[in-house]
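S.K.: First, the structure itself, so that you have it in front of you.
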Amino acid sequence: MELQLWRTMLEPYSLAVDELIVKFNHIKNEFEYLDQYSPIESVNGRVKRISSILEKAQRKNIDLDDVETKIDDIAGLRIMCRFVEDIDRVVEIIRKRSDMKVLKEKDYITKSKVSGYQSYHIIAEYTVQSLKGPKTLKVEIQIRTLAMNFWATVEHSLQYKYKGNMPEHVKDKLLKSAKAIVTLDNEMSVVRKEIMDAQNYYQLKTEIVSDILTNIENLYKVANKREVMKIQDEFLSIYETDDLERMSHFCKELDIVAESYRAQRIQ
Ligand code: 0O2
């Protein structure tokens, strides 16, 4: 195939990568707008270089006419997560989407590759639109922790350096460091639990405070101002203690006060 034909063939793949980067970044932003922890830390992507496609086709004995059907990672996305648990959440999000259809999943985390490589791969079908009409193509989405990504990046450059003849002592070192990555990710999972607990606490507190403030605001419209100011002062002194249980109790009491005013107005 001529160079120009390759470029034309790869154009929709480039569009797919660009679109999917935007979409996954948007998911991250949605979590952030909601003040929630995002399982996606960062996203990047690439279209496989022509030389890499040719090399892979040769290595796997794939006819050049079949590269689009037989090479799954012409369009490649990589999603980095902070913690191993986040990977499952990202996989779930992808499975539920209606703009991509999961064709295959490869779990190199439960069972890492012999090299020590760890990552979760999803091969999905995705449709792009161009002047020529719609085109459905395959994309490979690699989902991994930051630590797994660090290992894979280093190992990939060593593979490139040794061109398939990696010395045994280097392979050994890489296997050892892959084990260290597993340990690191496990230890980081403990930290994740603490982050989640802190986030849940913060969210609950935000909801309680917002309920209290709404009630106080409404009371100003119907109750005696001096009484509402007293309630407000009481709330501020509880708020300063940062005692969630007291705040929750105060919130319930205030609900009752607000309800009694509502009932009085209806009569
Ligand atoms: P590059 O240079 O990243 O594009 P298969 O399903 O086995 O028939 P394939 O596509 O080889 O076909 O599947 P696999 O094994 O899931 O590998 C897909 C991609 O995962 C690779 O693409 C790499 O990006 C990555 N990968 C797989 N194994 C390793 C590994 O041991 N080390 C590193 N660093 N990355 C790995 P390419 O085309 O091989 O490479």
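Computed from the coordinates by the stated procedures, all read-outs in this text should not be read as laboratory data. Predicted model, so just to flag it, every value in this text is computed and none were measured. Here the Cβ is made from the backbone with ideal geometry for all residues, glycine too, and neighbour counts use every protein chain on show.
S.K.: In the chain, with Lys and Arg counted as +1 and Asp and Glu as -1 at Cβ, which of these residues, 260, 149, 13, has the Cα nearest the positive end of the dipole, that is, farthest along it?
M.R.: Positive-most Cα among the choices belongs to 13.
S.K.: Which one, 94, 121, 76, is farthest towards the positive end of the dipole of segment 74-133 when Lys and Arg carry +1 and Asp and Glu -1 on their Cβ?
M.R.: 76
S.K.: Oh, and also: Which value in Å is the Kirkwood Rh of segment 48-178 over different Cα pairs?
M.R.: By the Kirkwood definition, the hydrodynamic radius is 16.4 Å.
S.K.: Hey, what did segment 197-266 get for relative contact order, percent, Cα under 8 Å, at least 6 apart?
M.R.: After rounding, I find 41 percent.
S.K.: Now, a different point. Å³ per residue of the Cα convex hull, for segment 132-250?
M.R.: 227
S.K.: Rounded to whole Å and sorted largest first, what semi-axes of the equivalent ellipsoid does the C-alpha gyration tensor of the chain yield via the square root of 5 times each eigenvalue?
M.R.: After diagonalising the Cα gyration tensor, the semi-axes are 54, 25, 12 Å.
S.K.: What is the antiparallel percent of DSSP beta bridges lying wholly in segment 75-227, to the nearest 5?
M.R.: Of those bridges, close to 70 percent are antiparallel.
S.K.: As a test of the formula, what do you get for the chain when each DSSP H run with n ≥ 4 contributes -39,500 (n - 2.57) and the sum is divided by the residue count, at 222 nm and rounded to the nearest 500 deg cm²/dmol?
M.R.: That comes out to -22000 deg cm²/dmol.
S.K.: Let me ask something additional. Between 0 and 90 degrees, rounded to the nearest ten: what's the tilt of helix 225-241 against the longest Cα principal axis of the chain?
M.R.: 40
S.K.: Under unit Cβ charges (Lys, Arg +1; Asp, Glu -1), what dipole magnitude, rounded to 20 debye, does segment 147-203 have relative to its Cα centre?
M.R.: Computed about the Cα centre, the dipole is about 300 debye.
S.K.: Percent antiparallel among DSSP beta bridges with both residues in the chain, to the nearest 5?
M.R.: Looking only at bridges with both residues in the chain, the antiparallel portion is about 75 percent.
S.K.: If you don't mind, there's one more thing I want to ask. Suppose every K and R has +1 on its Cβ and every D and E has -1 on its Cβ; what is the size of the dipole of the chain about the Cα centre, in Debye to the nearest 20?
M.R.: 1140
S.K.: Name the trypsin sites (Lys or Arg not before Pro) in segment 48-149 that are in a loop by DSSP and that have at most 14 other C-beta atoms within 10 Å, would you?
M.R.: 49, 60, 97, 111, 113, 132
S.K.: How big is the C-alpha Rg of segment 197-266 next to the rule-of-thumb value 2.2 N^0.38 Å, as a ratio?
M.R.: Segment 197-266 yields a ratio of 1.15.
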